[in-house]
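Participant: The structure under discussion is supplied below as structure tokens; questions concerning it will follow.
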Amino acid sequence: MCFLLAVDLLISFTVVKAQTVLRVGVETNYPPFSVLSEDGSPTGFDPCIAEALCRAMQRTCEIMPLPLEELLNSMEEGKLDLVVAGLTANREREAYMDFSDSYYHSRSIYIGRPGFETSREWLKGKKIGVQAGTYHVDIALGLWGDIAEIVPHRSYGGMLDELCAGRLDVIISNGLPGYEFLRSERGEDFVMLEMDQPLAEDRDGARMGVRRGDPDLLKAVNDGIRDIKLNGEYEQAARHYFSFGIY
């Protein structure tokens, strides 16, 4: 009787765990990775990958769009289970989240108007835009903080708005959304700049943040990334949003 009761409880626990809704965060304004449609629902590569991943894991998910800083804060406060937002793993973040295997690769670039000089002399007193919450903040401060004004922006879209309005001289961007901007109508007046101080290449790849201390969820996420690459859903999403390989 005790054995049967234990089995019954185990089955019940497994069913409840499987039915628990995963809270999955994506960015609000980071085209083509994630943007909000007219009805407020998230669309883009990351929401598409998140939905495919949830299907592969056979889990019900709630996709929650938030600015990057709020995504990170929500993970730290235990309000999210998974963040699909191309994160870079670092010690600060590893204190409150685990990281999946990489799911795409990119590199960072400088964007500004053509003809801008790229010397330290020219950058003196200039404004360099970065997205708050990204490793670009530390890079910009380390390379240019002694001569230029480093301006963090809450959202990537807001940073682009400031660049187009002429209130920023240069921005540091992830290459993939940066290329998307340069191909757009309002990006026609801008180019990718070569600087005296190049940015570090992305060697480890963009990762998903996973609720810390849950090895079963981390394994399920990594297995899910592998599965959607094998079943073609990853490639289908990548081809829809990018004209070149991202992995």
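Participant: Please list, in chain and number order, the residues 5+ apart from Val151 or on another chain whose amide H is under 5 Å from its amide H, with Hs placed from the backbone.
Facilitator: Correct list: Ile128, Gly129, Val130.
Participant: Counting only trypsin sites (Lys or Arg not before Pro) that sit in a DSSP loop (anything but H, G, I, E, B) with at most 12 other Cβ atoms within 10 Å, what is the longest stretch of the chain containing none of them?
Facilitator: Within the chain, the longest run free of exposed trypsin sites (Lys or Arg not before Pro) spans 1-123.
Participant: What area, in nm² and to one decimal, does the C-alpha convex hull of the stretch 126-237 cast on average over all directions?
Facilitator: 9.3
Participant: What translational diffusion coefficient, to the nearest whole µm²/s, does the stretch 37-166 have by Stokes-Einstein, given a Kirkwood radius computed over alpha-carbon pairs, a temperature of 10 °C and 1.306 mPa s viscosity?
Facilitator: 93
Participant: A further question follows. How much mean residue ellipticity at 222 nm does the chain get from its helices, if each DSSP H run of length 4 or more adds -39500 (n - 2.57) and you divide by all residues, to the nearest 500 deg cm²/dmol?
Facilitator: -12000 deg cm²/dmol
Participant: Another question, if that's okay. Give me the net charge of Tyr234's neighbourhood, meaning all other residues with Cβ under 14 Å from the Cβ of Tyr234; Lys, Arg count +1, Asp, Glu -1.
Facilitator: -3
Participant: Order 63-73, 142-152 from most to least packed using the mean count of other Cβ atoms within 10 Å.
Facilitator: 63-73, 142-152
Participant: Can you tell me the Rg and the Dmax, both Å, for the Cα atoms in the chain?
Facilitator: For the chain, the Cα-based Rg and Dmax read 20.3, 81 Å.
Participant: Using a probe radius of 1.4 Å on heavy atoms only, what accessible surface per residue do you get for the chain? Whole Å² is fine.
Facilitator: Using a 1.4 Å probe on heavy atoms only, each residue of the chain averages 52 Å².
Participant: Quick one: angle between helix 45-57 and the longest Cα principal axis of the chain, in degrees between 0 and 90, rounded to 10, please.
Facilitator: 20
Participant: Quantify, in whole percent, the carbon and sulfur part of the accessible surface of the stretch 93-247 (1.4 Å probe; protein heavy atoms only).
Facilitator: 46
Participant: If you don't mind, there's one more thing I want to ask. Please give the FRET efficiency for Asp223 paired with Lys79, using the beta carbon to beta carbon distance and R0 = 25 Å, rounded to the nearest 0.05.
Facilitator: It comes to 0.55.
Participant: With the crude spin-label approximation of a point 7 Å out along Cα→Cβ, what separation in nm comes out for Glu162 versus Arg91?
Facilitator: The answer from the label model is 2.8 nm.
Participant: How tilted is helix 2-19 with respect to the longest principal axis of the chain? Cα atoms for both, answer in degrees (0 to 90, nearest 10).
Facilitator: 30
Participant: Taking a quarter of the surface of the convex hull around the Cα atoms of the stretch 19-108, what do you get in nm²?
Facilitator: Seen from a random direction, the Cα hull of the stretch 19-108 projects 6.3 nm² on average.
Participant: Quick one: how many Å² of Thr20 are accessible to a 1.4 Å probe, rounded to 10?
Facilitator: 70
The values are calculated or read from the model by the stated rules, or taken from the named source; none is laboratory data. This is a predicted model, so every value here is computed, not measured. Don't worry about glycine lacking a Cβ; one is built from the backbone with ideal geometry, like all the others, and counts go over all protein chains shown. SASA here: full protein model, heavy atoms, side chains in, ligands and nucleic acids out. Shrake-Rupley method; radii C 1.70, N 1.55, O 1.52, S 1.80 Å.
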